[in-house]
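Asker: Please read through the structure below; I'll follow up with questions.
What follows is calculated from the coordinates using simple rules that are stated; it is not laboratory data. Predicted, not measured: the structure shown is a model, and the values here were computed from it. Glycine also receives a Cβ, built like all others from the backbone with ideal geometry; neighbour counts cover every protein chain displayed.
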Amino acid sequence: MNLYAIKAIYRFEMARAWRTLTQSIISPVLSTSLYFVVFGAAIGSRIPEVDGVSYGSFIVPGLIMLSLLTQSISNASFGIYFPRFTGTIYEVLSAPVSYLEIVIAYVGAAASKSLILGVIILATAGLFVDIRIEHPFWMVLFFVLTAITFSLLGFIIGIWADGFEKLQLVPMLIVTPLTFLGGSFYSINMLPPFWQTVTLFNPVVYLVSGFRWSFYGIADVSPALSLGMTVFFLLACIGLVAWIFKTGYRLKP
């Protein structure tokens, strides 16, 4: 394992995040704070509690998950797309660095930035509402697995995209709507039976439900099923990344 190469790529990607601090950290935190103000004040006054938890506290895991998914994809997709756009990716591919080391460096940096942002949002949420974490180990596990999984998805999108506009296509048109419809701001038990069944086909439901269970011990689906689905998504992304490097898809001219 070439740890020096991994460290070099990782540090370069992390340094880019600090150079774009407003876009990488400040903007998502402000956006999440606005969600608290709007949803907490406007809707929270009409829905005092959900499953015994105040509405403001109930939406915290969903807001963190929303930021985690979108930022993981954004960080990883841009991180690998920009070297492809400038042509520097071929220098990396021709260097004595294995494909595994490349993925670890780029995905690790994207996941790290997303986790830092998630922790900041969690701390910010504590200024607005009371938060408790009943299962801290499982919270960290869901947190890390989700960041890695969607950073891998972002890595895949960054290789697939052939233009800057495509980098935002999947996050804006697919991931964000699925997150809003995945129980981030409500319990799916509040929906009519038919829509509850339809919602179970939304993969984000399992991520949000498992993450919320780690906070308050309440869940829309079994925590074991949530963990299983998260691991399944992770393995699927790993398999797709392995196929990309094996075939050279969008990497070889």
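Asker: Given the conditions (1) part of a helix (DSSP H, G or I); (2) more than 22 Å from Asp51 (Cα to Cα); (3) among the aliphatic types (A, V, I, L, M), and given that Met139 satisfies all but one, which numbered condition is not satisfied?
Answerer: (2)
Asker: A follow-up question, please. Which of the residues belonging to the stretch 145-169 are among the aliphatic types (A, V, I, L, M) and free of Cβ contacts under 8 Å to residues at least 40 places away in the same chain? First the steps, then the outcome.
Answerer: Taking the stretch 145-169 first, the residues among the aliphatic types (A, V, I, L, M) are 145, 147-148, 152-153, 156-157, 159, 161, 167, 169.
Leu169, the sole residue that qualifies.
Asker: Further, regarding this structure: Please go through the stretch 170-202 and pick out each residue that is touching a residue at least 12 places away in the same chain (Cβ under 8 Å), of a type in the set (A, V, I, L, M) and over 22 Å from Phe232 (Cβ atoms).
Answerer: Met190
For every residue, the table says whether it meets (1) of a type in the set (S, T, N, Q); (2) within 29 Å of Lys246 (Cβ to Cβ).
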residue: Ala5; (1), (2): no, yes
residue: Ile26; (1), (2): no, no
residue: Val53; (1), (2): no, no
residue: Ser67; (1), (2): yes, no
residue: Ser74; (1), (2): yes, yes
residue: Phe78; (1), (2): no, yes
residue: Glu91; (1), (2): no, yes
residue: Val103; (1), (2): no, yes
residue: Ala110; (1), (2): no, yes
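Asker: Could you grab me the full set of residues in the stretch 213-253 that are part of a loop (DSSP other than H, G, I, E, B) and crowded, with 19+ Cβ neighbours inside 10 Å?
Answerer: Across the stretch 213-253, the qualifying residues are Ala219, Asp220.
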